[in-house]
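A.B. asks: One structure, pasted below without further comment.
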Amino acid sequence: MTASDYPEAPQPPAGAAELRGFVSGWLPVLMVSLTFLSRPMSAAGVPSVVNFLHFLVCPPMLLLLARWDRLPKDCRRLLGLSGLLFVEIVLSAALNGAGIINVVLLAVMLLEPFLLLAVFSAGIWTEQAISRFERVFFGCFALNLAMALGQWALLGLRNDEVTGLFLEMGAGAHLSGAFALLPAAFILARRDRGTKAMRVLPMALALGVIKACDSKQVLAAFILGMLLATLGQLGFTRIRPRVILAAILLVVSAQIALPVYSPMFRHVFSEDTMLLVLRLKLVGPAIIAREITNPLQYVFGIGPGHGFSRLAWLAPVYREYLEPLGLTESNVFDKVFFISDNFWLSSHAQGSSAFSPLHSYGATLGDLGWCGLALYLATWGLVWRMCADSWIERAVLATALVLGVTFMWLEEPPFILCVTGCLGMGWQRRRRKEPVRS
């Protein structure tokens with residue numbers, strides 16, 4: 001997409017310009033602020049319901065988007081696919097007798113990042129609006145760096161105890177590492193912003209946070225994401241044989257060198273262990289298959305929150321708030337979690353969440369079936385295409401999609417809004433430099 005895809009709208013009705021300014025200025029800022037700062041507020045004594053407040057920003061954003069006079073083609077496609085995914089959630093709930101609150105919560109969990117991206121792609125923001133969003137986003141990023149390094153250096157915390165901004169979260173260490181690495185990589189790639197030293201410093205600090213948090217899977221996913229972004233930019237049909245040969249040599253060298261460096265790698269990356277990991281990743285869908293009593297459930301799933309999605313994980317934690325609203329649950333998540341927490345390769349005590357049977361794509365398949373998973377992947381595929389002009393945006397997005405295989409990363413609001421925030425800022429900065437055709 002180019003800036004010429006954003007033609008000037010005809011004379012808008014009175015008040016429309018102010019509404020546009022509010023959408024592109026304050027609502028995205030409010031969404032990311034509530035997402036990134038909810039955990040410190042909760043740790044300070046604010047009721048835990050504060051963790052859901054960022055979802056309340058979605059309806060106003062959607063309503064105000066609907067009042068815009070003209071939307072670019074890709075924005076309309078993004079909203080269209082999101083709408084189809086919402087219909088799929090409703091149909092799944094109707095088929096399985098899920099509560100209305102299940103529909104609402106799963107919809108906002110899955111669609112919130114796409115809605116934010118739609119706002120970013122709906123038009124060219126003013127310089128003031130972009131700068132405001134960047135100040136808040138990178139302010140939270142800097143706060144996370146400071147808190148994580150402070151917890152490590154001053155409080156003597158180590159590994160999973162270092163959670164940065166994401167206090168009292170089970171995956172807080174990994175989230176802190178991701179919210180350090182991805183924005184730092186985005187800053188490093190922006191050659192038009194700041195001196196080289198000022199762009200390298202955040203990356204150096206971010207790698208320190210990765211080390212303190214022991215977020216190896218985030219770093220590994222980012223390396224793989226950079227490779228996928230490079231292949232995407234080259235085009236798979238244009239890859240030269242020497243590139244393929246270099247990749248093969250790299251893999252073979254890693255297989256030889258890593259076991260020498262550490263015996264752990266010899267065991268983890270052995271053929272038997274890799275097959276075991278594959279079987280673990282298929283445990284969730286296998287349990288879902290045993291719960292199916294209607295052939296239509298293969299298409300539409302067993303219902304929002306009835307599988308092992310993030311919603312099913314959070315339901316017991318917030319049951320006192322959600323049960324009066326009609327929350328419905330199943331025991332599928334308990335079965336999958338029991339296997340994850342008691343198997344040596346994925347247990348919290350001695351394994352890694354990277355090998356857990358709990359992962360985003362399996363969770364979507366369980367709740368929404370093959371139709372829901374296809375729509376979900378198609379929506380991310382559209383976002384990938386919208387990032388075609390930027391290598392770093394594709395690297396960040398590919399990192400997120402890879403992490404969706406390892407654990408339930410795509411359903412973690414702090415992580416996925418970190419990713420979409422980087423993408424959106426890149427889109428806006430790039431399009432403001434391009435000439436606009438009236």
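A.B. asks: Residue check, Ser352 against (1) closer than 18 Å to Cys422 by Cα; (2) in contact with a Ser or Thr (Cβ under 8 Å, 6 or more places away or on another chain); (3) of a type in the set (Gly, Ala, Ser), all met but one. Which one?
C.D. replies: For Ser352, the failing item is (1).
A.B. asks: Any idea how many residues of the range 405-420 are under 8 Å from the mean Cα position of the chain (by Cα) and in a helix (DSSP H, G or I)?
C.D. replies: Filtering the range 405-420 down to residues under 8 Å from the mean Cα position of the chain (by Cα) leaves 409-420.
Going one step further and asking which of them are in a helix (DSSP H, G or I), we end up with 409-411, 413-420.
Within the range 405-420, residues that are under 8 Å from the mean Cα position of the chain (by Cα) and in a helix (DSSP H, G or I) number 11.
A.B. asks: Among Ala129, Ala118, which is the only one that is part of a helix (DSSP H, G or I), surrounded by 15 or more Cβ atoms within 10 Å (Cβ to Cβ) and touching a residue at least 60 places away in the same chain (Cβ under 8 Å)?
C.D. replies: After ruling out the rest, the residue left standing is Ala129.
A.B. asks: Okay, next question. Restricting attention to the range 39-61, report how many residues are surrounded by fewer than 17 Cβ atoms within 10 Å (Cβ to Cβ) and under 14 Å from Ala118 (Cβ atoms).
C.D. replies: The number of residues fulfilling the criteria is 2.
Here is a yes/no grid of residues against (1) touching a residue at least 12 places away in the same chain (Cβ under 8 Å); (2) surrounded by 13 or more Cβ atoms within 10 Å (Cβ to Cβ); (3) polar (S, T, N, Q); (4) touching an Asp or Glu at 6+ places or on another chain (Cβ under 6 Å):
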{"residue": "Glu291", "(1), (2), (3), (4)": "yes, yes, no, no"}
{"residue": "Val299", "(1), (2), (3), (4)": "yes, yes, no, no"}
{"residue": "Ala312", "(1), (2), (3), (4)": "yes, yes, no, no"}
{"residue": "Glu320", "(1), (2), (3), (4)": "no, no, no, no"}
{"residue": "Glu323", "(1), (2), (3), (4)": "no, yes, no, no"}
{"residue": "Phe333", "(1), (2), (3), (4)": "yes, yes, no, no"}
{"residue": "Phe338", "(1), (2), (3), (4)": "no, no, no, no"}
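A.B. asks: When residues of the range 139-171 are filtered for being in a loop (DSSP other than H, G, I, E, B) and modelled with pLDDT under 90, how many remain?
C.D. replies: Filtering the range 139-171 for residues in a loop (DSSP other than H, G, I, E, B) gives 154-158, 162-171.
Of the ones still in play, those that are also modelled with pLDDT under 90 are 154-158, 162-164, 167-171.
Residues in the range 139-171 being in a loop (DSSP other than H, G, I, E, B) and modelled with pLDDT under 90: 13 in total.
A.B. asks: Let me ask something else. Residue pairs, Cβ under 7 Å, 6 or more apart or interchain, first in the range 373-399 and farther than 12 Å from Leu81 by Cα, second surrounded by fewer than 21 Cβ atoms within 10 Å (Cβ to Cβ) and of a type in the set (Lys, Arg). List them.
C.D. replies: Close Cβ pairs (under 7 Å, with a partner that is surrounded by fewer than 21 Cβ atoms within 10 Å (Cβ to Cβ) and of a type in the set (Lys, Arg)) amount to Asp389/Arg430; Ser390/Arg430.
A.B. asks: Checking the structure you have, find out if any residue of the range 374-385 is modelled with pLDDT of 95 or more, touching a helix residue (DSSP H, G or I) at 6+ places or on another chain (Cβ under 6 Å), within 18 Å of Gln297 (Cα to Cα) and buried (at least 16 other Cβ atoms within 10 Å of the Cβ).
C.D. replies: Taking every residue of the range 374-385 in turn, at least one turns out to be modelled with pLDDT of 95 or more, touching a helix residue (DSSP H, G or I) at 6+ places or on another chain (Cβ under 6 Å), within 18 Å of Gln297 (Cα to Cα) and buried (at least 16 other Cβ atoms within 10 Å of the Cβ).
A.B. asks: Restricting to the range 73-103, name every residue that is farther than 19 Å from Leu377 by Cβ and buried (at least 19 other Cβ atoms within 10 Å of the Cβ).
C.D. replies: Quick first cut of the range 73-103, residues farther than 19 Å from Leu377 by Cβ only: 73, 75-76, 90, 93-103.
Scanning the range 73-103 gives Cys75, Ala93, Asn96, Ala98, Gly99, Ile101, Asn102, Val103.
A.B. asks: May I ask you to verify whether Tyr376 is among the aromatic types (Phe, Trp, Tyr) and more than 28 Å from Arg279 (Cα to Cα)? Spell out how you get there, then give the answer.
C.D. replies: On the way: among the aromatic types (Phe, Trp, Tyr): yes; more than 28 Å from Arg279 (Cα to Cα): no.
Answer is no for this residue.
A.B. asks: Going through the range 33-69 one residue at a time, which ones are over 18 Å from Leu105 (Cα atoms) and within 19 Å of the chain's Cα centre (by Cα)?
C.D. replies: Ser33, Phe36, Leu37, Arg39, listed by residue number.
The rows are residues; the columns are (1) surrounded by 18 or more Cβ atoms within 10 Å (Cβ to Cβ); (2) under 24 Å from the mean Cα position of the chain (by Cα).
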| site | (1), (2) |
| --- | --- |
| Leu71 | yes, no |
| Gly150 | no, no |
| Leu155 | no, no |
| Val162 | yes, yes |
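A.B. asks: Which of the residues spanning the range 138-166 are under 23 Å from Thr406 (Cβ atoms), touching a Ser or Thr at 6+ places or on another chain (Cβ under 8 Å) and hydrophobic (A, V, I, L, M, F, W, C)? Let's see the steps before the verdict.
C.D. replies: Taking the range 138-166 first, the residues under 23 Å from Thr406 (Cβ atoms) are 141, 144, 148, 158-166.
If we keep only those that are touching a Ser or Thr at 6+ places or on another chain (Cβ under 8 Å) too, we end up with 144, 148, 162-166.
Scanning the range 138-166 gives Ala148, Val162, Leu165, Phe166.
A.B. asks: Now for a separate question. Taking the range 423-438, which residues are of a type in the set (A, V, I, L, M, F, W, C) and surrounded by 24 or more Cβ atoms within 10 Å (Cβ to Cβ)? Break it down stepwise before answering.
C.D. replies: Kept after step one, since they are of a type in the set (A, V, I, L, M, F, W, C), are these residues of the range 423-438: 423, 425, 427, 436.
The answer is Leu423, and nothing else.
A.B. asks: Please determine, by comparing only the residues of the range 68-98 that are out of contact with any helix residue (DSSP H, G or I) (no Cβ under 6 Å at 6 or more places or on another chain) and modelled with pLDDT under 90, which one is nearest to Phe114 (Cα to Cα).
C.D. replies: Checking each candidate, the answer is Arg76.
The values are calculated or read from the model by the stated rules, or taken from the named source; none is laboratory data. If you're wondering where the values come from, they're calculated on a predicted model, not measured in any experiment. Here Cβ is always computed from backbone atoms with ideal geometry, including for glycine, and neighbour counts include all displayed protein chains.
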